Structures are given as C-alpha cells and as structure tokens.
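Undergrad: Have a look at this one before I ask anything.
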Amino acid sequence: MEFVPEEGKDLNEDCSTLILPALSIGNVGQLVADLLISSMGSERVGYLDDPNVLPCVGNDAYGPFPQGDLALPLEAYDSPSNALTIIQQRSPVIKGMMVQFAKNMADFLAGSGKKHIIVLSSLDFGKWQKVDMSSGLQIYYLSSANSNGTDENCEQLGWKKLQEYDPSQKHWKYLNDLAEGNVTLEDIISVEDELEEENYYASLPFAALFTFLKAKGLKVTCLLCYCSEGDNVSDAFQLADATYKLLQMTHPTTGIESGTWRVPLSWMSVYGPPPDVSIF
C-alpha cells in the first residue's frame, strides 16, 4: 500500500487518531466517514493506492458545490483541530484479497505514527441472535484493550461487547495466526471462503482489520451496529454520534452549521430523484 500525498500536503503528525470504515451491509461505516469529513471541514491530504481495492472514480463528494475534483477509492483526510485523520473507502476489496488488504493497511498505519484506530462497520440484522430494541439502535464494540475484546470505557458509555468474538474460537484464532504469520501461503489463500461458510463475524472485513491492526501493537476500537440494506442514513447518524462519544467530542469544532451535522453533497443523489407523483 502506497500513500500518495496531494501537492504540498502530507499526513499531519499531530492527528494521532484515525477513523477507518470497514465495508459491510448497508455501508454504514462509509456513511459515517462521509459525515465526519463533511461536518469537520476536513482537508484531503492524499490517497492510498492498493492493488486489492477495485478502482472507481467520481466527482467531488463533499462540496458544498462540485468543484470537479475527482474522488478516488481510498482517500485520507485530516482534521488538525480534532487531531483526527479519516480514511474513506469507496469501493470494495477484490474477493479473496481481504486478508492481504488488512495486512497492507496494518503495515501502513503502524508506520504512519497513528496511536488509536477506530474501525466503523455494520452487521447483518438477520444474524442478530438476541434482538433488543428497547433503547433504540444498540452500539456494539470490540477493543484491543483486553485479550477478550472488552474495554471499560466502552462499557461506561453503555455499549455491549460483540459476544460473538472469542479469541480462542477456531476461526478467530485462525485470523490471529494469519496476522502473526504462523500459517502458510496456501492457508492464506483459502481462509476467506472457509470463514464465510462457517463463521459470519470472523469473515467480515472489520474482523481482519481488527486482528491485523492489533497484531501490530496498535490500539484498536471497532464500533458496530446491526442494520439491513436500504436507507441507512439514520444508522449512520447514530453511529457517528457514538464515534463522537468515544472521542469525547460533543460536536465538530469546525464546519458545523447550527449545531447539526453537515450532510455531504454526494448524498443528494444516493437514492436518485423522488418518484413522479403522477404514477400513483
């Protein structure tokens, strides 16, 4: 993985915390990254080039008016006033290459001087075993603070540890062996199909990213929510609120409008134009 800086720019060394979406159902992590970048008025400082990410290109995603600046698959944004770097990923990883992508990302972030990585992702509502909607959207977490994934700070915020994480369980242990280099190349090639068939959670991108980042000695916190495919904007707002709680921030310190989130320009076309009322 190679970082290509914008002309005259580079990653800010004072931005010790980095936010990274992990692609999953509903793309909630990506939507949250959009909200944070837009609301903080973050500045694009460069992009990441990795052969395992599918190419894509689009118009300026944040506005407030399109400037014609191209949006690329993996971009890095800095918000120095919040000591925060945000990576936005706009296209998926090539099937079968998630392990290699996670390794490349972990190698890059370990060498970039970041201290705390926050991974944002979503989980399939259909896989939820113990549904509890009594308090609205429930935030789940997974942390490198303790070997069993628990974190006292996250518990105090009212979140629940992802119960399906068990480092001694076969598939999670297999991921850990991959991250620590204790398996062969043939194992790495076949592991993703096996994980997807037998263990939903360990097969997701956030699991690979969490395991490889943790193996590099980085502090990692995953924030997760269950959702379904469709309009996931409300899920994104709630997961963004959780991110601010974790960062101990009440609102963006720049780019805020009347104390509300600044919705990105690109969201105007997410679901296309409204239907023609004459058809009803």
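Undergrad: Can you list residues whose amide H is under 5 Å from Val45's amide H, if they're 5+ apart or on another chain and H is modeled 1.01 Å from N?
TA: Residues meeting the criterion, in which the H sits 1.01 Å from N, are Ala76, Tyr77, Asp78.
Undergrad: Among the listed pairs Lys114/Lys170; Lys127/Lys216; Lys160/Lys219, give every one whose C-alpha distance is greater than 28 Å. Could you put the intermediate results ahead of the total?
TA: Working: Lys114/Lys170 30 Å; Lys127/Lys216 30 Å; Lys160/Lys219 18 Å.
Exceeds cut-off: Lys114/Lys170; Lys127/Lys216.
Undergrad: Can you list the HN-Hα couplings for the range 260-270, worked out from phi with the Karplus curve (6.51, -1.76, 1.60; θ = phi - 60°), rounded to whole Hz and with x for Gly and Pro?
TA: With coefficients 6.51, -1.76 and 1.60, one gets 10, 5, 9, 6, x, 4, 5, 5, 5, 10, 4 Hz.
Undergrad: Something else: Keeping all protein chains in place, calculate the accessible area per residue for the chain (probe 1.4 angstrom), answer in Å². Walk me through the numbers on the way to the answer.
TA: Details: 13540 Å² over 280 residues.
Here the residues of the chain average 48 Å² of exposed surface.
Undergrad: Ignoring ligands, DNA and RNA, what percent of the accessible area of the range 1-90 is carbon or sulfur (1.4 Å)?
TA: Numbers: 1820 of 3700 Å².
That share works out to 49 percent.
Undergrad: Quick check: from the Cα gyration tensor, does the chain come out rounded (a/c under 1.5), prolate or oblate? Walk me through the intermediate numbers first.
TA: Numbers: a/c = 1.40, a/b = 1.23, b/c = 1.13.
Judged from the Cα gyration tensor, the chain comes out rounded (a/c under 1.5).
Undergrad: Under the classification rounded if a/c is under 1.5, otherwise prolate if a/b is larger than b/c and oblate if not, where does the range 1-123 fall, given a ≥ b ≥ c as square roots of the Cα gyration tensor eigenvalues? List each step's numbers first, then the result.
TA: On the way: a/c = 1.33, a/b = 1.12, b/c = 1.18.
In terms of gyration-tensor shape, rounded.
Undergrad: Let me ask another. If you average the alpha carbon positions of the range 1-68 and of the range 85-102, how far apart do those two centres end up, in angstrom?
TA: Rounded to whole Å, the Cα centres lie 13 Å apart.
The values are calculated or read from the model by the stated rules, or taken from the named source; none is laboratory data. Note that the coordinates shown come from a computational prediction; the quantities given were computed from them, not determined experimentally. Ligands, DNA and RNA are stripped out before the accessible areas are found, and what is left, the full protein with its side chains, is counted by its heavy atoms. Shrake-Rupley method; radii C 1.70, N 1.55, O 1.52, S 1.80 Å.
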